[in-house]
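Beneath this line is the structure, given in structure tokens, with notes to follow.
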Amino acid sequence: MTDDEAVARFRKDVETCFGSSCNFCEKDCPVYKVKKDKSYTSRGKNRAILGVLEGKVKPSEELARLFYTCVLCGSCDARCAMENNQRFKEMRRVLVKRGLQRKEHRDLIEAVKGTGDIYGRKIDLARRFGEEGAAPVAAGGGPAPAAPATVIPLYIGCQYKDSAEDVKAVIKVLRACGIEPGIGDEYCCGFVADALGFEEDFKEIKRRNREVVTYNDFITVCPSCTHYFKIEYSLNPKHVLQVVSENLDRLKWKQPRSGRRKLKVTWHDPCDLGRRLKLFEEPRKILEAMGVELVEMRLNRAFSVCCGAGGGILSTDRELAREMAKNRMRQAADTGAEAVITCCPTCELALLRGSLAVGKERGRRQEVLGLYRFMADHLKG
Ligand code: SF4
Ligand code: SF4
């Protein structure tokens, strides 16, 4: 398919959008909320696509800036009958084919292709976490010969590989659920290549990934990897939180407290875990079983707001990312919760930065906690 054909496929959708005056996508678009410029909304980008179709807008640096100033959060899709995010990704593919990609993004993709890791690291996971007792999984899939038969492969993912505390916490919680996680070689799932429009590189990353990740049923730690393995690889990953929520009757908790009271927390739904995997209730069920007081932000579940760090924005516009994180943290502060809990490393980092700034504004800083460590710290026995 040529670039022109790829864009032409969108004509009906963008004309539908342009002919409507609903604007449902506008109000809670995190980018629009900061920039106050309608061209950044879903409708604004659809209008730009219509301009391309009508020959009034040419692929250019300016057009590339517009399509890369989007966190691909899916919030507009949750409010619209159309799948706008797919269209935006397709536009990024067209831009990359015309050489209009961001340099920072190209560097990321080259790192993945060179090492199988988005940060360009080579980490021997079996050696690093083997001492935790997790049985190794043989490269090429399936338990290594010496591993017990009950081992289930654990795919850690680039974003968690370097976070030993999180991985150890996951291993501890899975063991308490009666599961022995197996750790072996990994190769990036490639979600960054797809999200950033590097179509040919994504195909190559997928091919290399399948040489390493040869199993079908496994446990995943990162919401984005889970989503990609399901949708793009047609595999059967189970996210850690699904496993834990299915095994809650086996787990005993030390109740998280704030002095004499239950700890008051709010849950931030990561876009891939919530809107894309529909894992809305599992984390809430776990938190309630742990005995916290759970309060909701105004925008939650399918209408949750991005932490501000998705879609590749963190490598191209950190200031915008920080402003979006502050907006999310203002919603969290409005709940009166003492802590925001989530389970995505990108969200955690972004929200932590937001909480430092909002803490100064409000005179009281909320903690930002990762659910894996929070569970491991409060497991009894
Ligand atoms: S909600 Fe959908 S149809 Fe309505 S303006 Fe936004 S993108 Fe267009
Ligand atoms: S995906 Fe998110 S950031 Fe991008 S236009 Fe839609 S609501 Fe706005």
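Since every read-out is calculated from the coordinates, none of them should be taken as a lab result. Model, not experiment: these values are computed from the prediction. So basically every Cβ, Gly included, is an ideal-geometry build from the backbone, and we count neighbours across all protein chains shown.
Helix 164-176 and the longest principal axis of the Cα set of the chain meet at an angle near 60°. By the gyration tensor of its Cα atoms, with a ≥ b ≥ c the square roots of the eigenvalues, what is the shape of the chain: rounded for a/c under 1.5, prolate for a/b over b/c, or oblate? Oblate. Does the stretch 236-375 come out rounded, prolate or oblate by the C-alpha gyration tensor, with a ≥ b ≥ c the root eigenvalues, rounded set by a/c under 1.5 and, if not, prolate when a/b is larger than b/c and oblate if not? Verdict is oblate for the stretch 236-375. Against the main long axis of the alpha-carbon atoms of the chain, helix 281-290 sits at an angle near 30°.
For the stretch 76-84, backbone phi angles converted through the Karplus equation (6.51, -1.76, 1.60; θ = phi - 60°) give residue-by-residue couplings of 5, 5, 5, 10, 9, 6, 10, 9, 5 Hz, Gly and Pro being listed as x.
Contact order, relative form, for the stretch 1-57: 37 percent (alpha carbon pairs under 8 Å, 6 or more residues apart, mean separation divided by residue count). Based on C-alpha pairs under 8 angstrom that are at least 6 apart in sequence, the chain has a relative contact order of 16 percent.
Annotation: for a label point projected 7 angstrom from Cα along Cα→Cβ of residue 11, residues of the stretch 44-80 with backbone N closer than 13 Å are 50-55. With the simple spin-label model, which puts each label point 7 Å out from Cα in the Cβ direction, the residue 319 to residue 21 separation comes to 3.6 nm.
Past the 31 Å Cα-Cα mark, which pairs from 203/238; 97/238; 103/230; 35/58; 35/56; 103/285? The partial results should precede the final answer.
Values: 203/238 23 Å; 97/238 34 Å; 103/230 29 Å; 35/58 23 Å; 35/56 24 Å; 103/285 42 Å.
Cα-Cα > 31 Å for 97/238; 103/285; rest within.
Helix 318-334 and the longest principal axis of the C-alpha atoms of the chain enclose an angle of approximately 60°. Straight-line cross-link reach from residue 172 at under 18 Å between alpha-carbon atoms covers these aspartates and glutamates, not counting any fewer than eight positions away in the same chain: 131, 132, 162, 180, 246, 249, 377.
Filter the trypsin sites (Lys or Arg not before Pro) in the stretch 203-258 to those in DSSP coil with at most 15 other Cβ atoms within 10 Å of their Cβ, and list the result.
Values: sites: 203, 206, 207, 208, 210, 230, 238, 250, 252, 254, 257; in loops: 252, 254.
Taking the stretch 203-258 and a limit of 15 other Cβ atoms within 10 Å, the loop trypsin sites (Lys or Arg not before Pro) found are 252, 254.
Peptides 194-200, 348-354, 8-14, 267-273, ordered by how many other C-beta atoms sit within 10 Å of their residues on average, highest first, read 267-273, 348-354, 194-200, 8-14.
So how do 287, 241 line up by other beta-carbon neighbours within 10 Å, fewest first? Present the calculation step by step, with values, prior to reporting the outcome.
Working: 287 21, 241 25.
Ordered by Cβ neighbours within 10 Å, fewest first: 287, 241.
Most tightly packed first, judged by the mean number of other beta-carbon atoms within 10 Å of their residues, the peptides 300-309, 36-45, 113-122 read 300-309, 36-45, 113-122.
Can you tell me what share of the DSSP beta bridges in the chain is antiparallel? A percent to the nearest 5 is fine. Kindly include the intermediate steps, with their values, before the conclusion.
Numbers: 4 of 24 bridges.
Counting only bridges with both partners in the chain, antiparallel ones make up about 15 percent.
Using only alpha carbon pairs under 8 Å that are at least six residues apart, calculate the relative contact order of the stretch 252-378 and give it in whole percent. Write down the numbers at each step before the final one.
Working: 195 pairs, mean separation 34.3, N = 127.
Answer for the stretch 252-378 is 27 percent.
Residue-wise HN-Hα couplings along the stretch 229-238, as the Karplus relation 6.51 cos²θ - 1.76 cosθ + 1.60 with θ = phi - 60° gives them from phi, are 5, 6, 7, 8, 10, 6, 9, 10, x, 10 Hz; Gly and Pro carry x.
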